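All remarks here apply to the structure that follows.
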There are 4 protein chains.
Amino acid sequence: MPRENFRFSHRLRVRWAESDMQGVVFNGHYMTYCDVAITEYWRELCAGDAAWLSAIFERMFVVRALLEYHLPARFDDELDVCARVGRIGSSSMTVLFEIYRGDEHLVSGENIYVYAEDGASVRIPERLRAALRDFERVAPL
Amino acid sequence: MPRENFRFSHRLRVRWAESDMQGVVFNGHYMTYCDVAITEYWRELCAGDAAWLSAIFERMFVVRALLEYHLPARFDDELDVCARVGRIGSSSMTVLFEIYRGDEHLVSGENIYVYAEDGASVRIPERLRAALRDFERVAPL
Amino acid sequence: MPRENFRFSHRLRVRWAESDMQGVVFNGHYMTYCDVAITEYWRELCAGDAAWLSAIFERMFVVRALLEYHLPARFDDELDVCARVGRIGSSSMTVLFEIYRGDEHLVSGENIYVYAEDGASVRIPERLRAALRDFERVAPL
Amino acid sequence: MPRENFRFSHRLRVRWAESDMQGVVFNGHYMTYCDVAITEYWRELCAGDAAWLSAIFERMFVVRALLEYHLPARFDDELDVCARVGRIGSSSMTVLFEIYRGDEHLVSGENIYVYAEDGASVRIPERLRAALRDFERVAPL
């Protein structure tokens with residue numbers, strides 16, 4: 001998916017401790033990068049409503065994570081982690097990630113999150129559905 | 001895949017630092033657990049040949065990682081990380097993981113590794129193919 | 001402090017993800033190693049009393065951590081993390097750590113823990129004091 | 001040391017994966033935060049000279065790390081990690097850290113770094129000494 005299909009991206013820099021003996025980022029750290037990006041995605045979506053943001057943080061659980069590694073990131077690289085909600089079901093949603101270093105496409109990811117309360121999945125609230133429809137306007141759901 | 005289909009498993013204990021605010025292991029740490037297990041898998045396969053083991057460590061690169069989360073692990077849980085090579089191609093192989101806490105099946109994983117030298121994929125050596133055929137005898141490749 | 005002054009030690013193996021671009025363990029990971037060791041120390045001290053062990057895990061907070069790095073650990077090294085309680089005050093205690101690779105002394109550490117309930121430090125219970133006096137018999141407090 | 005004594009500070013946000021079961025940042029992660037801050041400190045000092053920056057990254061080794069925890073940081077907190085070089089010896093230097101959340105002083109740190117080439121400590125180059133004298137002008141060395 002071309003980068004311009006993502007309305008949201010978050011920039012971060014690879015830390016020393018995240019780079020391994022081969023000089024490249026250990027594969028598990030990209031899951032942290034995606035997690036940081038989706039945190040910032042929700043922050044932008046919630047537009048200052050702290051209680052709403054908190055509720056989202058507490059109720060979203062990853063049930064499936066997929067990462068494809070095209071090119072390695074290295075210590076001190078600045079990365080753009082692009083994120084978008086790609087599909088919304090009843091109680092789950094798919095989030096797509098693409099990680100870039102400048103124009104180089106390093107990693108693709110696809111996570112499925114379930115919206116849950118007290119350990120049981122529940123229907124994603126209308127408010128969140130409406131906000132996502134509005135936010136992802138450049139790439140209709 | 002039932003647990004008895006795995007000849008190899010590695011036991012580890014969830015560390016305090018790996019458990020998050022929800023009291024459960026952060027999703028990215030399971031990739032580290034799989035990495036620890038495959039490290040021990042290669043150690044067992046190499047049966048004391050340190051140079052061979054080193055070569056494997058240096059030449060295997062993850063190009064795709066998939067994790068499915070069924071139940072969460074928690075601080076201080078003892079986990080069994082089962083691993084087996086499921087398919088061998090020319091320069092790549094699929095490794096299947098299942099993580100158990102006792103009889104509870106918590107996580108399934110599937111990684112694709114490429115065997116590479118100097119940044120280019122190369123054919124997996126015959127010695128490694130033969131060792132894997134021999135090692136995975138309970139579940140023929 | 002010579003290794004034989006420690007009654008307790010915990011063996012662990014350096015993970016791939018803990019080794020950095022210089023081929024050595026990133027300095028922050030030694031704090032995790034010490035945390036893993038003190039967890040096992042409390043487990044041994046509590047001798048199967050799970051409720052007591054849980055109470056200790058929840059009530060001990062690090063307020064000061066010191067690490068001195070003599071020699072670096074590397075990927076796949078087996079390390080012995082020695083731990084002992086060195087001094088018990090009213091609500092705090094000092095724990096000494098020494099990390100060895102075989103006979104090589106790699107790292108020394110000294111943490112101060114405070115025993116706290118509901119965010120306030122409280123006197124370390126007599127039961128814990130007595131158990132520590134008994135456990136650390138080779139090196140009287 | 002009051003915050004205004006630091007010329008340099010770096011802002012970062014606490015990641016979900018860094019917050020533990022007690023809802024607070026695991027003590028070892030503060031070492032990563034200090035490492036991120038000193039990386040940015042050197043970047044600012046080197047003012048665009050990439051080769052110089054690289055040389056500093058490769059030649060600085062932590063030999064002693066001290067952290068004092070006053071108040072805990074929590075998930076999603078924005079932290080300011082202040083750093084300054086406090087003393088320069090022949091081949092080593094002391095770096096002081098203070099971590100703030102707004103006006104709250106959470107953590108103090110003090111690391112000793114050795115400047116080394118090929119595994120042996122060497123005299124800190126004059127260029128680096130001069131740059132540090134110039135950079136730390138608000139708090140003379």
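Here, each number is a calculation from the coordinates, and none is a lab measurement. In this text the structure is predicted, and so the values were computed from the model without any measurement. We place every Cβ from the backbone using ideal geometry, glycine too, and count neighbours over all the protein chains shown.
With no solvent and one point on each alpha carbon, what is the Debye value of log10 I(q)/I(0) for the protein assembly as shown at q = 0.07, 0.12, 0.13 Å⁻¹? The Cα Debye sum returns log10 ratios of -0.44, -1.37, -1.57. Per residue of D:27-38, other chain Cβ atoms within 10 Å of the residue Cβ number 6 on average. Once divided by 2.2 N^0.38 Å, the Cα radius of gyration of segment A:18-57 becomes 1.59. The residue among B:Met31, B:Leu45, B:Val122 whose Cα reaches farthest toward the positive pole of the charge dipole of chain B, with charges on the beta-carbon of Lys, Arg, Asp and Glu, is B:Val122. Working from label points 7 Å from Cα in the Cα-to-Cβ sense, the D:His70 to A:Arg87 distance is 5.1 nm. Counts of other chain beta carbons within 10 angstrom of each beta carbon in peptide B:57-65 average 4. Only one residue of D:Ala73, D:Gln22, D:Gly86 has its Cα farthest out toward the positive end of the dipole of segment D:3-135, where Lys and Arg carry +1 and Asp and Glu -1 on Cβ, and that residue is D:Gly86. Helical content alone sets the calculated 222 nm signal of chain D at -8500 deg cm²/dmol, taking -39,500 (n - 2.57) per DSSP H segment of four or more residues and averaging over every residue. Report the net charge of residues surrounding D:Tyr41, where surrounding means a beta-carbon distance below 12 angstrom and charges are Lys +1, Arg +1, Asp -1, Glu -1. Here the count lands on -1. Note on A:Ala51 and C:Ala47: with the Förster distance fixed at 60 Å, the Cβ-Cβ geometry gives a FRET efficiency of about 0.85. Cα centroids of segment A:1-69 and segment C:92-141: 38 Å apart.
Measuring nothing but how far apart in sequence close Cα pairs (under 8 Å, 6+ apart) lie, relative to its length, chain B scores a relative contact order of 28 percent. When +1 charges are put on Lys and Arg Cβ atoms and -1 charges on Asp and Glu Cβ atoms, the dipole computed for the protein assembly as shown relative to its Cα centre reaches about 0 debye. The ranking of A:Asp80, D:Asp103, C:Asp49, C:Asp134 by Cβ neighbour count inside 10 Å, starting from the fewest, reads D:Asp103, C:Asp134, C:Asp49, A:Asp80.
Note that segment D:86-101 has calculated 3J(HN,Hα) couplings of x, 7, 10, x, 5, 10, 10, 9, 9, 10, 9, 10, 9, 10, 10, 10 Hz, one per residue in order, obtained from phi through the Karplus relation 6.51 cos²θ - 1.76 cosθ + 1.60 (θ = phi - 60°); glycine and proline are x.
Note on chain C: Cα-only Rg and Dmax are 15.4, 47 Å.
In order along segment B:55-61, the Karplus-derived 3J(HN,Hα) couplings, from 6.51 cos²θ - 1.76 cosθ + 1.60 at θ = phi - 60°, round to 4, 5, 4, 7, 10, 9, 10 Hz, and Gly and Pro are given as x. In this structure, the amide hydrogen of D:Arg64, modeled 1.01 Å from its nitrogen in the peptide plane, lies closer than 5 angstrom to those of C:Tyr69, D:Ile112, counting only residues at least 5 positions away or on a different chain. Using 0.36 nm per residue and subtracting the Cα-Cα separation, the extra length available between C:Arg129 and C:Glu4 on full extension is 42.8 nm.
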